[in-house]
Amino acid sequence: MPCSRPTARSSTDRGAAAAVPLLACLAAAACSSTPPSRPPGLPPTPASVTRENPGGDAADPERAALERLLAQPWGSRRDRFNTLDVPLVDGKSWRRVRIWSHPTRATFRYGDEHYAALSVLYTSTSGPSDPDSCLDEFWAKHAPLADGYGVRLGEAQIIRTTQEIDGEVRPLVFKVLDGSIASVFASDDYAGAVAAYESWPGTCLVSVLAVKATEHPELARRVRDRWIDEGAPKLRWISGLSDAPKTEAR
């Protein structure tokens, strides 16, 4: 997919990348894939499920990939700075990627067709660093970028909850919404959510998930909701950090 493939940039790369910090890579792959060989209704053969194509040889690989995101256990991956544990269902099947022109703390995609994508951003702030303020700051910065590149967003819902880390209960705030992107290369729908955390004073920690919902919107929303309920609260700094890490991105 152009928005995250580590090659030379084109105008398509820059356009798709601008939406990524908002909904974690909101452009679907426009390239073709090997036609499936399984009859409709059957799950993919285990040998056909790969990191590149978690839907395998199912007749409907998008459905198969989303069902996998609902059924597989949680794992985790580290950011490249070895400071954050990032929760991911079917953890080994996510590919770490970089977003041209929009560095992040960590970004992962699920399958070459971008069945799901997740980004983590860790930035300094001169204003308040509580989750609500960080969410507002993130939205004010990235919503205009997304709109300029054809990303259309539905009505958002705010959810306030908590996460527990080493016995300490901390606030956690979500902005939940659906979106779509249309271009000459692809037209797809997504179920998304943005999570803002309590982090080090003077910094903002935000995680963004987008799940492809073009063919199976209800499945995509269930995957998104599973992340909100089970995955996002597991994001945390690795144990042993006594000082705020540098706000590096790549």
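The values are calculated or read from the model by the stated rules, or taken from the named source; none is laboratory data. Because the structure is a prediction, the values reported are computed rather than measured. Please note: Cβ atoms are built from the backbone with ideal geometry, for glycine as well, and neighbour counts cover all protein chains shown. In case anyone asks, the SASA skips ligands and DNA or RNA and just uses the protein heavy atoms, side chains included. Shrake-Rupley method; radii C 1.70, N 1.55, O 1.52, S 1.80 Å.
Among the residues making up segment 111-129, those that are open to solvent by 20 Å² or more (accessible area, probe 1.4 Å) and assigned to a loop (DSSP other than H, G, I, E, B) are ASP112, GLU113, THR125, SER126, GLY127, PRO128, SER129.
Scanning segment 68-94 for residues that are open to solvent by 60 Å² or more (accessible area, probe 1.4 Å) and either in contact (Cβ under 8 Å) with a residue 60 or more places away in the chain or touching a helix residue (DSSP H, G or I) at 6+ places or on another chain (Cβ under 6 Å) (or both) yields TRP74, SER76, ARG78, ARG80, ASN82.
Which residue pairs have Cβ atoms under 7 Å apart, sit 6 or more places apart or on different chains, and have a first residue in segment 39-58 that is among the acidic types (Asp, Glu) and a second that is part of a loop (DSSP other than H, G, I, E, B)? Sorted first by the residue in segment 39-58, then by its partner, the pairs are GLU52/GLY111; GLU52/ASP112; ASP57/PRO36; ASP57/SER37; ASP57/ARG38; ASP57/PRO44; ASP57/THR45. Residues of segment 186-203 that are more than 11 Å from LEU172 (Cβ to Cβ) and touching a Lys or Arg at 6+ places or on another chain (Cβ under 8 Å): ASP188, ASP189, TYR190, ALA191, GLY192, ALA193, VAL194. The set of residues in segment 228-237 being touching a residue at least 12 places away in the same chain (Cβ under 8 Å) and open to solvent by 20 Å² or more (accessible area, probe 1.4 Å) consists of GLU230, PRO233, LYS234, ARG236, TRP237.
Hey, among the residues in segment 176-227 that are β-branched (Val, Ile, Thr) and more than 27 Å from GLU248 (Cα to Cα), which one's most open to solvent (accessible area, probe 1.4 Å)?
Checking each candidate, the answer is VAL184.
Looking only at residues in segment 60-110 that are among the hydroxyl-bearing types (Ser, Thr, Tyr) and in a strand (DSSP E or B), the one that is nearest to HIS142 (Cα to Cα) is THR107.
Within segment 207-250, the residues that satisfy the criterion of being among the aliphatic types (A, V, I, L, M) and closer than 23 Å to THR125 by Cα are VAL208, LEU209, ALA232, LEU235, ILE238, LEU241, ALA244, ALA249.
Of a type in the set (Ser, Thr, Tyr) and either open to solvent by 20 Å² or more (accessible area, probe 1.4 Å) or over 20 Å from ARG80 (Cβ atoms) (or both), is that true of THR247? Considered against the rule, which asks whether it is of a type in the set (Ser, Thr, Tyr) and either open to solvent by 20 Å² or more (accessible area, probe 1.4 Å) or over 20 Å from ARG80 (Cβ atoms) (or both), THR247 comes out as yes. Only a single criterion out of (1) under 30 Å from LEU145 (Cα atoms); (2) β-branched (Val, Ile, Thr); (3) at pLDDT below 95 is not satisfied by THR34, namely (1). Inclusion of LEU69 among residues that are closer than 19 Å to TRP94 by Cβ, of a type outside the set (D, E, K, R) and modelled with pLDDT of 55 or more is warranted.
What about ASP132, is it in a helix (DSSP H, G or I) and in contact (Cβ under 8 Å) with a residue 24 or more places away in the chain?
Yes, satisfied.
The numbered conditions (1) open to solvent by less than 10 Å² (accessible area, probe 1.4 Å); (2) of a type in the set (A, V, I, L, M, F, W, C); (3) in contact (Cβ under 8 Å) with a residue 40 or more places away in the chain are all true for VAL97 except (1).
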